[in-house]
Each structure stands twice: as C-alpha cells, then as structure tokens.
1. Just for the stretch 126-151: of the residues that are more than 21 Å from E62 (Cα to Cα) and among the small types (G, A, S), which one is surrounded by the most Cβ atoms within 10 Å (Cβ to Cβ)?
2. Would you be able to tell me the number of residues in the stretch 237-252 that are more than 30 Å from A155 (Cα to Cα), surrounded by 16 or more Cβ atoms within 10 Å (Cβ to Cβ) and out of contact with any Pro (no Cβ under 6 Å at 6 or more places or on another chain)?
3. Residue under question is S46, and the condition is that it be within 60 Å of the chain's Cα centre (by Cα) and without any contact (Cβ under 8 Å) to a residue 40 or more places away in the chain; does it hold?
4. For residues that are at pLDDT 90 or above and open to solvent by less than 40 Å² (accessible area, probe 1.4 Å), scanning just the stretch 60-78, find the one that is nearest to A180 (Cα to Cα).
5. Name the single residue, out of those in the stretch 63-78 being in contact (Cβ under 8 Å) with a residue 40 or more places away in the chain and not aromatic (F, W, Y), that is farthest from T15 (Cα to Cα).
6. Of everything in the stretch 78-134, what is assigned to a strand (DSSP E or B), closer than 18 Å to S165 by Cα and over 44 Å from the mean Cα position of the chain (by Cα)? Give them in sequence order.
7. Please go through the stretch 79-125 and pick out each residue that is among the aromatic types (F, W, Y) and open to solvent by 60 Å² or more (accessible area, probe 1.4 Å).
8. Among the numbered conditions (1) within 19 Å of Y272 (Cβ to Cβ); (2) of a type in the set (A, V, I, L, M); (3) surrounded by 16 or more Cβ atoms within 10 Å (Cβ to Cβ); (4) at pLDDT 95 or above, tell me where V208 comes up short.
Amino acid sequence: GTANLTCRVDQNDNTSLQWSNPAQQTLYFDDKKALRDNRIELVRASWHELSISVSDVSLSDEGQYTCSLFTMPVKTSKAFLTVLGVPEKPQISGFTSPVMEGERMQLTCKTSGSKPAADIRWFKNDKEIKDVKYLKEEDANRRTFTVSSTLDFRADRSDDGAVVSCRVDHESLNSTPQIARQVLEIHYTPSVKIISSSSWPEEGQSIVLTCESKGKPLPEPVLWTKDGGELPDPERMIVNGRDLRISFLNKTDNGTYRCEATNPIGQNSTEYVLIVHDVSNTLLPIIVIPSLTTATVTTTVALTTSTATSATAINTRDPNALAGQTGPDHALIGGIVAVVVFVTLCSIILLGRYLARHKGTYLTNEAKGAEDAPDADTAIINAEGSQVNAEEKKEYFI
C-alpha cells in the first residue's frame with residue numbers, strides 16, 4: 001500500500017518544513033528530497049504545507065515520523081505509521097481422499113504473515129463450526145504471526161460431498177476474507193429400501209418392487225431372493241436392474257422378499273413381506289341355465305331344484321350379503337356348479353330310460369319253422385301245423 005504524510009502550518013513567515021523517518025533520517029526538506037528512496041515522493045510543498053507519499057509500504061516502514069518547523073525554537077509534530085501484515089492465502093491440510101465412514105478426520109487451516117494475528121473460522125456447507133482449536137505463533141521477524149486452526153470430527157455418510165471452508169478474517173483485507181475450500185469424499189456401506197408399486201396387490205395383477213440402494217461406491221447390481229432362496233418362478237418374476245416385476249399374482253407368491261446390496265465397503269439388505277389379496281368383491285350375476293329337454297314323460301322325478309320337463313338353476317343369493325366380504329364365496333360357486341352337473345346327468349338318465357321302455361307292443365306273425373322249409377308250400381303247411389301252439393310275442397312295460 002501507499003502511506004500519505006501531510007504537515008500543515010497555519011501561520012508561517014517563510015520558515016522551512018521537514019519530514020524525517022523513524023530513524024531520524026530526513027526525507028524532504030521543503031521541496032528538496034534528502035533520502036534516496038524511489039518509493040518516497042513529494043506531493044505538495046508550500047510555506048503552509050509539506051506532503052509526501054511512501055509507496056509499497058513494508059513492515060520496516062512502521063514507526064514514528066516527525067514534521068519539523070524550523071523556528072526559534074524548532075517546533076515538531078509526530079505521526080505514528082502502523083503497517084498491517086496481510087495474511088497469506090490459507091491452506092487446508094490433513095485430508096486424504098477417500099475417508100471411510102466412522103474414521104476420525106483432522107483438518108488444519110494455516111496462514112502466515114498477518115499483523116496483528118488473523119482470525120480463522122470454519123464452515124461446513126455455509127454453516128459455521130464453533131468447536132475448533134486455535135493456535136497463534138510469532139514469526140521469525142518478530143513482527144508478524146502465523147495462525148492455525150484444527151477441525152476434528154468423525155466422518156459420516158452425510159458429510160459425503162460436503163464443502164468444508166476455512167475463512168481468514170483480517171482488517172487488512174477490507175471486508176474481503178480469504179477462503180480455502182475442501183470437498184469431502186466419504187465411502188460408506190449401502191443403505192437399502194424397498195418400494196412397492198401397489199399398496200394392495202390382488203390376484204391376477206402385476207407388482208413391481210424397487211430396491212433403492214445408496215452407497216459409495218455405488219452398489220451394483222442388487223440381489224433378490226424369496227424366503228431365503230432363489231426366486232421360484234423366473235418366468236413370472238423378472239429382475240431388471242434394481243426392479244423385481246411379478247406378473248399374474250397368486251397366493252403362492254406370498255412370502256418375504258429380500259433385497260441385498262454390496263459394495264467394496266460392505267453389504268446391507270432389507271425385506272418386504274408380500275401378501276396377495278383376493279380379487280376385489282363385485283356383485284355376482286344371476287346365472288340362468290336353459291332347459292335341457294322338452295320331452296314329455298309319464299314319470300315325474302322330484303328334485304330340489306328342477307323337474308324332468310325343465311331344469312332351471314337360479315342364483316338366489318342376496319346381493320347385499322356380499323357387502324362385508326373381501327372376495328367371492330368359492331364354496332357357493334362350487335355348490336352351484338355341482339347342482340347343475342347333477343341335474344344334467346339325472347335328466348339324461350331319465351330321458352334314456354323313458355325312450356328304452358316305450359318301444360310299443362307288437363305281434364310277431366313270423367311262420368315258425370319257415371327258415372328250414374325247402375319251398376313255399378312246405379313252409380305254409382309247417383306254419384299251419386304250428387299255429388295252434390303259437391303265442392303272441394309281446395313286450396310289457398314294467
């Protein structure tokens with residue numbers, strides 16, 4: 001920087017002015033330069049003012065400067081020049097990438113050349129950290145200071161990617177602090193979570209289980225198992241990356257599904273219990289079975305649900321009874337099917353029996369012994385001889 005030294009006199013009747021340095025060396029006598037130093041220049045010289053400037057000020061320029069007015073006696077005025085030591089750009093040491101989760105970390109921020117001693121503050125993602133160690137040491141020139149600060153903490157997965165900043169504040173920096181930054185890299189075991197595409201899986205539907213795994217390094221791929229073993233139906237249970245898709249769900253798919261993720265640091269797993277529900281209850285339609293036959297028979301068979309002339313099965317279940325159920329009544333459906341099959345078989349049996357027994361009554365007029373007669377006349381004679389003992393051939397309905 002540059003220091004300006006000005007000496008003013010209100011009343012001066014042609015008396016000389018002089019500036020001297022802390023070593024009592026004359027810098028300027030009126031407008032005449034006395035010390036050969038290119039950094040020192042005359043700004044203004046008159047009977048009432050003597051102003052000079054010192055550029056590239058260093059710590060050695062600090063001290064008491066004297067302005068003298070050569071009257072009888074000589075009058076003097078003194079000014080003390082304070083030179084600030086600008087701190088060097090800070091540096092962070094102690095970080096070795098990567099750091100394993102759980103390890104202790106010690107980061108040290110250091111800066112030298114400050115006068116007075118600079119102040120060091122720590123931040124993590126713009127949030128200040130208070131609990132730090134601070135050390136101040138005097139430099140060899142015995143004018144400036146070296147300051148350092150140590151941040152000690154245990155590495156956590158939440159610190160991965162965090163920006164740790166060391167900020168140096170000093171009055172010489174004109175409210176523009178010097179900052180050093182360090183990005184943390186933390187390696188840790190995977191964390192695993194299973195997300196289901198359906199909160200109420202039903203039979204016949206499909207479901208996708210997504211295994212969300214986070215770790216550093218990133219675990220790839222993930223391993224899916226069911227009830228402690230391999231997936232039992234690879235054709236319906238398809239693994240695509242982190243997703244497990246199960247098509248056409250049924251009750252055999254119930255069980256505990258496990259997702260396991262592994263990286264070089266370690267492994268982790270989580271489980272999901274799948275329960276496949278019955279299909280959502282809907283009102284069963286009325287089933288009407290058409291008449292099996294229109295034949296009229298003389299015998300009537302009384303059944304609980306049909307007659308031989310017509311067989312009609314009607315589902316008379318109260319639709320309101322389904323309101324409180326979670327799925328269809330399989331027993332009722334099975335009963336209806338059994339009754340229908342039974343009625344059908346009975347009708348077929350009765351119809352066959354009826355047709356077999358009502359062929360009619362007829363008289364057999366064939367000539368007995370005609371098969372053995374050599375000619376027609378003989379057959380007629382044989383027939384007349386046996387006609388007396390012939391009986392009518394009849395069939396009776398029992």
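The values are calculated or read from the model by the stated rules, or taken from the named source; none is laboratory data. In this text, all values refer to a predicted model and were calculated from it rather than measured experimentally. Positions of Cβ are backbone-derived with ideal geometry, glycine not excepted, and every protein chain shown enters the neighbour counts. Heavy atoms of the whole protein, side chains included, go into the accessibility calculation; ligands, DNA and RNA do not. Shrake-Rupley method; radii C 1.70, N 1.55, O 1.52, S 1.80 Å.
1. Restricting to residues being more than 21 Å from E62 (Cα to Cα) and among the small types (G, A, S), the top hit is S149.
2. Qualifying residue count for the region: 4.
3. Taking the combined requirement at face value, the residue does not satisfy it.
4. Step by step, filter the stretch 60-78, then rank; the result is D61.
5. Restricting to residues being in contact (Cβ under 8 Å) with a residue 40 or more places away in the chain and not aromatic (F, W, Y), the top hit is G63.
6. Correct list: S112 only.
7. F80
8. V208 satisfies all of (1) within 19 Å of Y272 (Cβ to Cβ); (2) of a type in the set (A, V, I, L, M); (3) surrounded by 16 or more Cβ atoms within 10 Å (Cβ to Cβ); (4) at pLDDT 95 or above except (3).
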